[in-house]
Amino acid sequence: MYTKAQILDFQSITKQFIEHPHNIELEQLRKLLKFHEYQYYVAAAPLISDYEYDVLYQQLVNLEAASPHLITIDSPTQRVGNSLNNNFETIPHLVPMLSLENSYNADDLNDFDRKAREGAQLEEITYCVEPKFDGASISLVYENDMLVRACTRGDGVAGEEITQNIKQIRSIPLSIPLSEYGIHQMEIRGEVIMSKKSFEDFNEKLKAKQLSPLANPRNAAAGSLRMKDPKEVAERNLDAFIYHISFYTLQNGAITPELLKTHSGSLELLWNMGFRSLQKEKKIISNIQGVINFCNDFELERDTLPYEIDGLVIKINDFSLQEKLGMTSHHPRWAIAYKFKARQATTILENVEFQVGRTGAVTPVAKLKAVAIGGVTVSSISMHNEEYIREKDLRLGDTVIIERAGDVIPQIVQSIPALRKGTETIIEFPNACPVCDYALEKEETEAVWRCNNPLCSAQIVERMIHFVSKDAMDIKSFGDANIRKFYEMELLKNIPQIYQLDFETIGKLEGFGKKSIDNLKAAIEASKSQPLYRLIYALGIRFVGETTAKTIASHIHHILDLENLTEEQLQSFEDVGVKVAKSIYHYFHETKNIALIKELESLGLNMIQTNTTAVDGNLSGLNFLFTGTLTQLKRSEAEAMVEARGGHILSGVSSKLNYLVVGEDAGSKLEKAKKIASIKIITEGEFVELTK
Ligand code: IVH
């Protein structure tokens, strides 16, 4: 879109302005900001930091405030908007938004191709194959260079006007130089999506606020479009891909069929105009067998993409052929969707169990009639909290749609009220702990009900299960089942007793031969000398995950040094924020916790941070983070290499990060890091060099 010379020019104006803020012309500043928005959101090649962008943006706000009559509707400041959406008016599309016919296998695709070849009287047809994005489709209308309207698909004939919300998606330009192409009006289509990473990040945020997570990125994107507050839409970090141009709207201008012959050409035209149209995402294939092979191969790669797709779309590339074949009342005859194997299934919500976790949080778990999705049988799904049940109006006996996408934890998408027989019943949330009968409590700011009985047996057992687990003390032969069994038999009442087990009695139990006892003894003994961070993690301090535990351990000598640190001192550690610091501080100011630690020390557990810095420690003091898929090293190996050389692993991108090591398909961490100038972004190969 921008030439090399323009890029250099914009870059030098930016630098000059940042270094010596001066009176810059309003129009020039607007162009500059538009350029940087494009580089960041469309070209994915940002040239300035967040801070520098903010300096420019603030200057634009100031200049516009001084001369409000000079504000243009495509100014970057005009995305924000302060007003709420009152209603979403229904507006007819310029061209009906048809749906696509579906295909599921090679036979369906061969049929489609045969009919198309017969209609076109051709031996072979060239196709453009694209991802079928799993999001929400939109249509955009540009007139006189400006984005004037954005609509949902609606019933295909008319959709709802959602312009203000669409303006929150920064990859959608507010204006484009249509007049340079001799075009007065243009309608284009695309899909609003939420990347997997943004979806995960957003759900993390919801969880931190104790709110119910969203079911899947598709619902997250579709739901966003009709939100009342455009600012909330902005927070969702949506993306949009443009995949279609209503060709006839172009022909009102100077673009003739001779100039633009193919669909792939139209995608290139859109790209040159400044849209994030499909570039490397599309593939031109010269016959249907090639398309079939591509579909089969691509389905296997599906989970490696940074966003969800539910299939591929196969489009005849030649516009004149498209025209010749035309459309039925539902779908074009020149395109077809190839749907991947479903990851959704319907089943019956048979029962609900309420499980008590180690922090006392009571989680409702749906017990489902077992159903296979994507090769895995699902019979149990967490329903997170009471709100989740109410929001989705889930009832016992309901038919529900469940989904399992890639390696994502299965979710209930929705119930199907139309299939209710009248026998379904409301799910009652208990008032008392299902295990110890203690009255449940809920803090105003939280969505979870908690059992605050410190003696609740479920919590005691869960804490012990966590203590011995793989990432904590890693006591191998000690599975969940043994912990439960020993607890029920009163052989194990608390964590210190793990180190004082009565092996004589255990040896008499069924299934405990000499060998298994020896293994268990050895594993317990070995755990005593685990590194300090494992013990810190194993204690189950709220908000202290493995990474935070490592950070804390690296700053202390003895675990009880933590008794003497203030919240402020804790916050100065990489990765430790206000909430985490508070939680650590409280943990180490609770007498019973200190007593537990002292008891474990007397039982011989390691309480000391042993120096992990290697002889040369060439990464000493440096903070690293890995993102995306590494190809040469396992993630855990790479992290161990950093630590062995005195470096630290951070859990997120912040200004404390020194190196972001980028593997394949890196997502939002990379985007975030690009905005912080001090972070060095390196490849896996460069990382390996660094460690030498
Ligand atoms: S072309 C007339 N291309 O799939 C052409 N659609 O099942 C209409 N979709 O309503 C659509 N990715 O929301 C097209 N690369 C792609 C697409 C795509 C996703 C959606 C779109 C459409 C639905 C049809």
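The values are calculated or read from the model by the stated rules, or taken from the named source; none is laboratory data. No experiment lies behind these values; they were computed from the predicted model shown. Don't worry about glycine lacking a Cβ; one is built from the backbone with ideal geometry, like all the others, and counts go over all protein chains shown. SASA here: full protein model, heavy atoms, side chains in, ligands and nucleic acids out. Shrake-Rupley method; radii C 1.70, N 1.55, O 1.52, S 1.80 Å.
Descriptive notes on the structure:
- Of I73, I91, all but one fail to be open to solvent by 60 Å² or more (accessible area, probe 1.4 Å), more than 16 Å from the ligand (Cβ to nearest atom), in contact (Cβ under 8 Å) with a residue 12 or more places away in the chain and under 30 Å from R30 (Cβ atoms); the exception is I73.
- The residues of the stretch 236-261 that are over 21 Å from F133 (Cα atoms) and either assigned to a helix (DSSP H, G or I) or within 16 Å of the ligand (Cβ to nearest atom) (or both), listed by number, are F247, Y248, T249, L250, Q251.
- Test set (1) in contact (Cβ under 8 Å) with a residue 40 or more places away in the chain; (2) away from the ligand (no atom under 16 Å from the Cβ) - Y127 fails condition number: (2)
- Test: residue in the stretch 271-285 that is among the aliphatic types (A, V, I, L, M) and in a loop (DSSP other than H, G, I, E, B): yes
Quick grid of which residues meet (1) in contact (Cβ under 8 Å) with a residue 40 or more places away in the chain; (2) out of contact with any His (no Cβ under 6 Å at 6 or more places or on another chain); (3) open to solvent by 20 Å² or more (accessible area, probe 1.4 Å); (4) within 25 Å of K674 (Cα to Cα):
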{"position": "A553", "(1), (2), (3), (4)": "yes, yes, no, no"}
{"position": "S572", "(1), (2), (3), (4)": "no, yes, yes, yes"}
{"position": "V578", "(1), (2), (3), (4)": "no, yes, yes, no"}
{"position": "A581", "(1), (2), (3), (4)": "no, yes, no, no"}
{"position": "F588", "(1), (2), (3), (4)": "no, yes, no, no"}
{"position": "S620", "(1), (2), (3), (4)": "no, yes, yes, yes"}
{"position": "T627", "(1), (2), (3), (4)": "yes, yes, no, yes"}
{"position": "T631", "(1), (2), (3), (4)": "yes, yes, yes, yes"}
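- For the stretch 141-200, the set of residues classified as without any contact (Cβ under 8 Å) to a residue 24 or more places away in the chain and either more than 16 Å from the ligand (Cβ to nearest atom) or in a helix (DSSP H, G or I) (or both) consists of V148, T163, E180, F199, E200, listed by residue number.
- For the residues S277, S286, the requirement of being of a type outside the set (A, V, I, L, M, F, W, C) and open to solvent by 40 Å² or more (accessible area, probe 1.4 Å) singles out S286.
- With a requirement of 3 or more residues that are within 16 Å of the ligand (Cβ to nearest atom), touching a strand residue (DSSP E or B) at 6+ places or on another chain (Cβ under 6 Å) and open to solvent by less than 50 Å² (accessible area, probe 1.4 Å), the strands (runs of 3 or more DSSP E) lying completely within the stretch 303-383 that satisfy it span 309-316, 335-339.
- Those residues of the stretch 235-274 which are over 19 Å from I309 (Cβ atoms), small (G, A, S) and open to solvent by less than 10 Å² (accessible area, probe 1.4 Å), in sequence order: S246, S266, G274
- Every test in (1) free of Cβ contacts under 8 Å to residues at least 60 places away in the same chain; (2) surrounded by 19 or more Cβ atoms within 10 Å (Cβ to Cβ); (3) in a helix (DSSP H, G or I) is passed by I48 save one, and that test is (3).
- Looking only at the stretch 650-674, residues that are exposed (fewer than 15 other Cβ atoms within 10 Å of the Cβ), touching a Gly at 6+ places or on another chain (Cβ under 9 Å) and not charged (D, E, K, R) come to 1 in all.
- Options A638, A677; residue that is among the aliphatic types (A, V, I, L, M) and open to solvent by 80 Å² or more (accessible area, probe 1.4 Å): A677
- Condition met for G223 (of a type outside the set (S, T, Y), surrounded by fewer than 20 Cβ atoms within 10 Å (Cβ to Cβ), at positive phi and within 16 Å of the ligand (Cβ to nearest atom)): no
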